[in-house]
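All remarks here apply to the structure that follows.
The values are calculated or read from the model by the stated rules, or taken from the named source; none is laboratory data. Just so you know, these numbers come straight off a predicted model, no measurement behind them. Heads up, the Cβs are rebuilt from the backbone with ideal geometry, glycines too, and the neighbour counts pull from every protein chain shown. Areas reflect the complete protein model, heavy atoms only, side chains present, ligands, DNA and RNA absent. Shrake-Rupley method; radii C 1.70, N 1.55, O 1.52, S 1.80 Å.
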Amino acid sequence: MAIDPVELTKRLVNIESTTYHEGPAGHFLHEYLASQRYDVERMAVEQPDRASTPGAGTGERFNVYAAMAGITPDVVLSTHMDTVPPFFGCSEDDEFLYGRGTCDAKGIIAAQVAAADRLRESGVKVGLLFVVGEERDSAGAAVANGSPKGSKFLINGEPTDNRLALASKGALRVELRAKGRMAHSAYPELGESAIDKLVEALHDVLAMPLPVEPEIGPSTLNIGLIEGGRAPNVIADRAEAHILVRLVGPSDETKAAIAETVGDRADVDFSLDLPFVRMRKVGNLPTMIAKFTTDIPKLTAWGEPFLLGPGSILCAHTPQEKLAKRELLEAVDLYVDLATNLVRNS
């Protein structure tokens, strides 16, 4: 019986699997894929330290890899099981599925499972890889990269409106931590404000020119988190900010510029560095440039990468996340066609 990607999406969306809490989704996929005659493997992924990682869980985390017994795949379809918070379940109307993960990326999981079913029936050696942690640090992809399965091609799934990505921006996460000395705020000369140092450093970082790639566009920078201080009447002895830079080239130039700009006003830590990636055009597929980052930079051992998936990145991570049923079904055909094209012309 053919797999219904709409029904499979609904089942997946109704399983809560925010980052660090992916275990239930992994168990479901393991059992589901085993029932579809695949050999299924779990790749354990460690939980981060709860003291230093807000939201970290205590449950089991693992990637799921599936292929037919004894098969070395030529092509692997891959995406992630985790979602951003908050969780909300699936609803639908005639045109759309709604809910957390519909387009990012549980609808993509369903489309890839349905496509793999058709591919193996046509004789294509195909594998499926579903990882954890993409929304935070690509921890699952990093683990998977240590156990590649010999595939020539990796088709990664993210919401690209069913267009083939020719490039995806990299990601540089920067953490600034300023130190000061507490004092009574009526006597600021007796203290040293960490917040003042941090604000001044951030002001200068925002004014920095960032690299531009003519065919891709500019790097962008977002200050996403700021915290610090003790109370309004206390000179702050600590303050920190977290920044995310979307890269359009190597990170070295941007890292050096940030470190020089901040100077001795704060300690600078680069906690994530995922490179900018270029990919090639195939056939007559419509194309796009992904301004976001994917697991592809961490899956270098899984073959030449391609990026394609149903849904719009503009509604991902929002309360209005949705996926058109028509687009979901179209994605199944696109995955089948792309994988077949790659394998037959390799």
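When the chain is described by a simple charge dipole with +1 on each Lys and Arg Cβ and -1 on each Asp and Glu Cβ, the residue from P48, H184, H30 located farthest towards its positive end is H30.
Each of the peptides 112-125, 244-257, 178-191 was scored by the mean count of other Cβ atoms within 10 Å over its residues; in descending order, highest first, they stand as 112-125, 244-257, 178-191. Dipole check for the range 137-256: with +1 at the C-beta of Lys and Arg, -1 at the C-beta of Asp and Glu, and the Cα centre as origin, the magnitude is about 460 Debye. Heavy atoms of the protein chains alone define the surface here; on that basis the chain has 45 Å² accessible area per residue at 1.4 Å probe size. Computed over the alpha carbons of the range 1-98, Rg followed by Dmax gives 15.3, 47 Å.
In a DSSP loop and with at most 16 other Cβ atoms within 10 Å, the trypsin sites (Lys or Arg not before Pro) in the range 1-94 are R37, R50. The listed residues C103, C90 rank as C90, C103 when sorted by accessible area, largest first, using a 1.4 Å probe. Protein heavy-atom surface of the chain, 1.4 angstrom probe: 51% of the accessible area is carbon and sulfur, with nucleic acids and ligands not counted. A straight line joining the Cα centroids of the range 189-256 and the range 284-346 runs 32 Å.
Each Cα pair under 8 Å and six or more residues apart adds its sequence gap; the mean of these over the residue count of the chain is a relative contact order of 23 percent. In the range 295-314, which residues have a backbone nitrogen under 16 Å from the label point lying 7 Å from L272's Cα in the Cα-to-Cβ direction? Only 295-299 pass the distance filter. Sorting K149, K281 on solvent-accessible area from highest to lowest, probe radius 1.4 Å, gives K281, K149. Report, in listed order, any pair from K10/K291; K149/K255; K125/K322; K106/K149; K125/K255; K152/K255 with a Cα-Cα distance greater than 30 Å. Pairs exceeding 30 Å: K149/K255; K125/K322; K125/K255; K152/K255. The charge dipole of the chain, taken about its Cα centre with unit charges on the Cβ of Lys, Arg, Asp and Glu (plus for the first two, minus for the last two), comes to roughly 600 debye.
Applying 1/(1 + (r/R0)^6) with r as the Cβ-Cβ distance of L190 and S91 and R0 = 56 angstrom yields a FRET efficiency of 0.45.
Measuring from centroid to centroid over Cα atoms, what is the spacing of the range 1-19 and the range 76-139 in Å? So the separation of the two Cα centres works out to 8 Å. Normalised by 2.2 N^0.38 Å, where N is the number of residues, the alpha-carbon radius of gyration of the chain equals 1.09. Taking the Cβ-Cβ separation of A69 and D4 as r and a Förster radius of 22 Å, what is the calculated FRET efficiency to the nearest 0.05? Step by step, r from the Cβ atoms, then E = 0.30.
Could you work out the percent of alpha carbon pairs in the range 258-332 separated by over 21 Å, rounded to a whole number? Don't skip to the end; give the middle numbers.
Values: 1438 of 2775 pairs.
Tail fraction, whole percent: 52.
Using heavy atoms of the protein chains and a probe of 1.4 Å, the accessible area assigned to E31 is about 130 Å². Need one number: the % of Cα-Cα pairs in the range 212-297 sitting beyond the 17 Å mark. That tail contains 61 percent of the Cα-Cα pairs. A P(r) calculated from all alpha carbon pairs of the range 53-194, with 10 Å bins opening at zero, reads 9, 29, 28, 15, 8, 7, 3, 1 percent.
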